[in-house]
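K.L.:
Below is the structure I would like to discuss, written out as structure tokens.
Only the coordinates and a few stated rules stand behind these numbers; no lab work does. Just so you know, these numbers come straight off a predicted model, no measurement behind them. Methodologically, a virtual Cβ is constructed for each residue, glycine included, from the backbone with ideal geometry; neighbour enumeration extends over all protein chains shown.
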Amino acid sequence: MPSYPDEPNLPELNQQAIDWLIKLRADNISDEDMHGFADWLSQDAAHSAAFAEAEDMFNGMVAAGISLRQKLSITVEATKSKPTQVIDPAITVNSAKMRKQPIQTKQWLAIPLALAATLLVAILGIMPKQAHLLDAYLSDYHTGTGELQDIALTDGSRLLLNTNSAVSVDYQDAMRLITLHHGQVRFTVAKDNNRPFEVQSGELAVRALGTVFEVYNREIGDISVTVQEHAVYARLSASQEIAPSEQAQPVVINEGQQIHYLGGKNLPAPKNCDISQLTAWQQQKLFINDRPLSELITELNRYRNGRIYVPDANLNNQRITGVFSLANPDETLHTLSAALALQETRLGSWWVVLHR
């Protein structure tokens with residue numbers, strides 16, 4: 001944590017609470033840290049109160065940030081022309097609920113300056129993992145956590161944005177270019193022989209040769225391309241550091257195939273895949289077929305703010321098969337807990353520890 005010489009230091013207990021919030025947010029939090037947090041929380045009732053206070057202030061700051069982002073988005077949209085956005089209320093999950101909740105901005109605005117400054121420095125580390133504020137500001141369309149949006153473009157193409165995704169649209173005379181900043185999007189492409197339809201995400205460029213495909217730029221760094229209908233042409237963006245003769249060879253991905261690009265100089269060969277399972281998110285469902293519980297938890301974490309944590313390695317490796325709803329991740333978690341006879345311990349409003 002940085003220090004601010006012109007302001008008083010944070011009370012030690014408040015600092016400890018903030019430090020624990022940040023540790024709980026980390027992807028690589030250890031079992032030792034989880035036990036340490038439990039010990040710290042149980043030492044004194046004042047610890048629980050400090051943790052709850054810190055979380056309340058963070059929640060207020062996050063809510064205020066979301067409110068500001070929405071206002072900025074409205075301002076930007078009012079000053080530029082964009083393709084028509086069509087949002088199906090039947091598949092918009094969390095955004096309406098979020099708008100109904102009052103934004104308590106005054107609560108954190110009244111915090112002493114030193115504490116507010118420290119919280120602002122830490123806010124990007126403690127906000128929900130899914131938050132990408134900069135991408136949201138810069139993109140033409142974006143979804144919040146747990147939200148789907150169906151976008152109609154001016155040429156008749158459609159974009160279906162999954163939870164926590166952001167895209168920019170640049171329709172030029174010779175090309176229709178979509179930039180996927182992060183997340184997962186299904187593209188249904190309208191034919192236009194004079195203007196190819198291309199999606200760029202990270203180092204990967206994907207050109208439509210048919211109708212329906214999706215691109216998923218994951219948090220962990222890999223990008224997948226899945227083709228539902230016809231085919232696409234995928235290539236790596238040309239690098240000035242690599243001679244033309246050494247540039248990676250492009251690949252054609254046919255219907256029912258997928259590639260995972262994990263970085264490097266070459267694209268992997270396309271592999272056949274189960275399209276019905278991979279595209280189940282488009283109906284707000286998740287198929288898990290004899291996979292470890294940890295994979296199911298990872299997917300549920302994509303659709304809710306905060307984090308579900310399973311400290312037991314044996315429980316994480318337990319094999320799971322089933323079809324799960326993504327419309328309400330907490331309800332799905334309750335159903336899963338009941339089926340596996342597990343307990344849920346909630347740490348504030350964002351974190352859930354799943355255990356026996």
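K.L.:
Report the gain in length on full extension from residue 295 to residue 330: 0.36 nm times residue separation, minus Cα-Cα distance, nm rounded to one decimal. Each step should come with its number before you reach the end.
P.N.:
Details: separation 35, 0.36 × 35 = 12.60 nm, distance 1.61 nm.
Length difference between fully extended and current span is 11.0 nm.
K.L.:
Got a sec? How would 173, 330 order by Cβ neighbour count within 10 Å, fewest to most?
P.N.:
The fewest-first ordering by Cβ neighbours comes to 173, 330.
K.L.:
Taking neighbour Cβ counts within 10 Å as the exposure measure, how do 356, 186 sort from fewest upward?
P.N.:
356, 186
K.L.:
For residue 45 and residue 173, calculate 0.36 nm times their separation in residues minus their Cα-Cα distance, and state this gained length in nm to one decimal.
P.N.:
My answer for the length gained is 39.6 nm.
K.L.:
Listing 153, 267 from the residue with the fewest other Cβ atoms within 10 Å to the one with the most, what is the order?
P.N.:
Lowest count first: 267, 153.
K.L.:
Taking amide H positions as placed 1.01 Å from N in the peptide plane, with prolines and chain starts having none, which residues 5 or more places from residue 304, or on another chain, fall under 5 Å of its amide H?
P.N.:
For residue 304, whose amide H was placed from the backbone, there are no distant partners under 5 Å.
K.L.:
Something else now. Mind listing the long-range amide H neighbours of residue 148? Cut-off is under 5 Å, sequence gap 5 or more, other chains count too, H placed in the peptide plane at 1.01 Å from N.
P.N.:
93, 94
K.L.:
Assuming 0.36 nm per residue, please report the length gained on full extension of the stretch residue 339 to residue 19 beyond their Cα-Cα distance.
P.N.:
Roughly 111.8 nm would be gained on extension.
K.L.:
Summarise the long-distance tail of P(r) for the stretch 135-274 by giving the % of C-alpha pairs beyond 19 Å. Don't skip to the answer; put the middle values down first.
P.N.:
Details: 4793 of 9730 pairs.
Beyond 19 Å sits 49 percent of the P(r) for the stretch 135-274.
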